[in-house]
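The values are calculated or read from the model by the stated rules, or taken from the named source; none is laboratory data. Quick caveat, the model's predicted, so the values are computed rather than measured. With ideal geometry, Cβ positions are generated from the backbone for all residues, glycine too; neighbour counts draw on all protein chains shown. For the accessible areas, the whole protein counts, side chains as well, though only heavy atoms, and no ligand, DNA or RNA atoms are used. Shrake-Rupley method; radii C 1.70, N 1.55, O 1.52, S 1.80 Å.
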Amino acid sequence: MKKKLSLILLAALTGTAHIPADACTGITLKSQDGRTIVARTIEWGGSDLNSQYVIVPRGYRQQSFLPGGTTDGMSFTARYGYVGLSVEQEQFVAEGLNEAGLSAGLFYFPAYGQYETYDPAEKATTLADLQLVAYVLGECATVDEVKAAVQRVHIVQIDPRASTVHWRFTDPSGHQIVLEIVEDGQLRFYENPLGVLTNSPDLPWHLTNLNNYVNLFPGSAPARKLGSVELRQFGAGSGFLGLPGDVTPPSRFVRAAFYQATAPLQATAEKAILQGFQILNNFDIPVGIEFADGKIPADIPSATQWTSATDMTGRRIYFRTMYDSRIRCIDLNNIDFARTTYQAQPMDTKKEQPIQHIDIK
């Protein structure tokens, strides 16, 4: 029997809702012990995404949703076990890591991507865009394998009103690519030299836009004379004066690129993980600015619903949420993907975390 896609999901993902959903920020860090760390945020200001973590064993079979909400699209079986962080429905993995050390994640790409038109005659090889991460994590061990696997499928939207997405893939070697689908389904793979990703426009545009900020530098600007008046900084960091502070994708890309590039090289992967969360604290989006003036904000603490960081070599994925700022870790080394069963659990077991009071004696 065909399953139907949740109408709640369609409402949440629709581009006709007057609430922006396009505010993901991704960075990439290195550590002195040679590891690569990818970290990112995910935003949605309209409602709680009810995010879950999923544990997917080897041999687990899934089937893709199709336009109209049925699940009789492409069938795919996991060669590799993986851990994913999903949104709205457990099948829609937005970020994940597999046992081979491949990291994959989707980022909103509104008003810019353009998938191919769905052809019912090709439904056996048709995959929903929101299930591409799950397919890749189960199928691939390297970035090169990702390129080959993606070209074997037809990627479509479930709902034409929804935002398109683009994807980031990174393997343990540090090799990272971005996939964007444009102009009637053309696949464009880009090497990502910085490891930064936000949303629209496309990656080459963002990299070109960085040239507008060639004047920025870390540290403080030296004092100088303006005629007879001596000009001095009022505080630290004046070399970054002019760094954009708004939450639009171009501004977040620039800010993330400079914060990442000037971050001290940490000794270990775990220290780089903590550094990644600290940097991404600067990209948390208050829920109120996602709404037009006078509108009632959603009853959630933040538009930034969760933040994650992944150590591909160490095979660990970390996350914190808008409800619980504690960093939690899922260690794939402790999971026997040949024997474990499929699991889907809420990222937050309760939505209200009490404030801890310290007793002073």
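Side notes on the structure shown:
- Within the range 43-82, being in contact with an Asp or Glu (Cβ under 7 Å, 6 or more places away or on another chain) and within 30 Å of Leu280 (Cβ to Cβ) holds for Gly45, Leu49, Asn50, Gln52, Val54, Tyr80, Gly81, Tyr82.
- Filtering Ile289, Ile300, Ile273, Ile296 for residues that are in contact (Cβ under 8 Å) with a residue 12 or more places away in the chain and assigned to a loop (DSSP other than H, G, I, E, B) leaves a single hit, Ile300.
- Check on Met322, surrounded by 12 or more Cβ atoms within 10 Å (Cβ to Cβ), at pLDDT 95 or above, among the hydrophobic types (A, V, I, L, M, F, W, C) and within 30 Å of Thr142 (Cα to Cα): no
- Residues that are in contact (Cβ under 8 Å) with a residue 24 or more places away in the chain and farther than 27 Å from Pro222 by Cα, drawn from the range 241-251: Val247, Pro249, Pro250
- Looking only at residues in the range 43-83 that are open to solvent by 20 Å² or more (accessible area, probe 1.4 Å) and among the acidic types (Asp, Glu), the one that is nearest to Leu197 (Cα to Cα) is Asp48.
- Every residue from the range 263-302 that is touching a Pro at 6+ places or on another chain (Cβ under 7 Å) and of a type outside the set (Asp, Glu): Val287, Gly288, Phe291, Ser302
- Evaluation of Gln278 against (1) modelled with pLDDT under 95; (2) loosely packed, with under 15 Cβ neighbours inside 10 Å (one fails), failing number: (1)
- Every residue from the range 325-350 that is in a loop (DSSP other than H, G, I, E, B), open to solvent by less than 40 Å² (accessible area, probe 1.4 Å) and closer than 20 Å to Glu88 by Cα: Met347, Asp348
- Among residues of the range 80-100, those that are of a type outside the set (A, V, I, L, M) and more than 17 Å from the chain's Cα centre (by Cα), counted: 3
- Taking the listed residues Ala141, Ala100, Ala94, Ala128, the one that is open to solvent by less than 30 Å² (accessible area, probe 1.4 Å), within 27 Å of Arg320 (Cβ to Cβ) and of a type in the set (A, V, I, L, M) is Ala94, with no other qualifying.
- Asn199 fulfils the conditions (1) of a type outside the set (A, V, I, L, M); (2) touching a helix residue (DSSP H, G or I) at 6+ places or on another chain (Cβ under 9 Å); (3) more than 25 Å from Phe277 (Cα to Cα); (4) in a loop (DSSP other than H, G, I, E, B) except for a single criterion, (3).
This table checks each residue for (1) of a type in the set (A, V, I, L, M); (2) under 20 Å from Phe92 (Cβ atoms); (3) surrounded by 13 or more Cβ atoms within 10 Å (Cβ to Cβ).
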site: Thr262; (1), (2), (3): no, no, yes
site: Thr268; (1), (2), (3): no, no, yes
site: Gly294; (1), (2), (3): no, no, no
site: Asp299; (1), (2), (3): no, no, no
site: Ser308; (1), (2), (3): no, yes, yes
site: Asp311; (1), (2), (3): no, no, yes
site: Glu352; (1), (2), (3): no, no, no
site: Ile358; (1), (2), (3): yes, no, no
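- Residue match in the range 147-162 (condition: within 15 Å of Leu102 (Cβ to Cβ), open to solvent by 10 Å² or more (accessible area, probe 1.4 Å), of a type outside the set (Val, Ile, Thr) and at pLDDT 95 or above): yes
- Subset of the range 136-156 that is touching a residue at least 60 places away in the same chain (Cβ under 8 Å) and in a helix (DSSP H, G or I) - its residue that is farthest from Glu95 (Cα to Cα): Glu139
- Looking only at the range 284-304, residues that are of a type outside the set (S, T, N, Q), touching a Ser or Thr at 6+ places or on another chain (Cβ under 6 Å) and within 11 Å of Glu43 (Cβ to Cβ) come to 3 in all.
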